[in-house]
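Beneath this line is the structure, given in structure tokens, with notes to follow.
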Amino acid sequence: MATLTKPHWYSLTAHRRWEDIVSMILGVIVLLSPLFISVSDNNWVMVSAGLTGVLIVALGALETVQLQRWEEGLEIVCGLWLAAAPFVLGYGGMERNLHVVIGLLVAALGVIELWQDRNRKLEG
């Protein structure tokens, strides 16, 4: 007799709520990073980090309410921008390292979530 088993929390075959929560936490870290470790007097660094952080948090929150494919796509774009921003805007130090690592993590989470939702019937 076959039984249905619920996938584990670490299963990469189904979209999990913890992935969206991790995205939101990473977004908050990005949002607050210029306040604590800013090494640049460039206002564009603060604007970029602020907007990107808010977008990542908002996209994570939207994903907890209703899954849409465009949310993962924008999450990937935000992560890639965050990883590229230090080189485009010309800042370095700890803030650059933090933004590159978090950007790559956010983009990777977006790719994983998009892959997990590939067989779902979603709008968008």
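The values are calculated or read from the model by the stated rules, or taken from the named source; none is laboratory data. Keep in mind that what you see is a predicted model, and the values were worked out from it rather than measured. Quick reminder, even Gly has a Cβ in these numbers, built from the backbone with ideal geometry, and neighbours come from all protein chains shown.
For this structure, a couple of remarks:
- Residue in the stretch 26-33 that is modelled with pLDDT of 75 or more, among the β-branched types (V, I, T) and over 20 Å from L51 (Cβ atoms) present: no
- Selected residue (criterion: nearest to Y91 (Cα to Cα)) from residues of the stretch 34-58 that are touching a Ser or Thr at 6+ places or on another chain (Cβ under 8 Å) and modelled with pLDDT under 95: V45
Here's the yes/no breakdown for (1) assigned to a helix (DSSP H, G or I); (2) at positive phi; (3) among the hydrophobic types (A, V, I, L, M, F, W, C):
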position: S48; (1), (2), (3): yes, no, no
position: A58; (1), (2), (3): yes, no, yes
position: L62; (1), (2), (3): yes, no, yes
position: A83; (1), (2), (3): yes, no, yes
position: Y91; (1), (2), (3): no, no, no
position: E95; (1), (2), (3): yes, no, no
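- Scope the stretch 78-114; condition among the β-branched types (V, I, T) and buried (at least 16 other Cβ atoms within 10 Å of the Cβ); matching residues: V100, I102, V106
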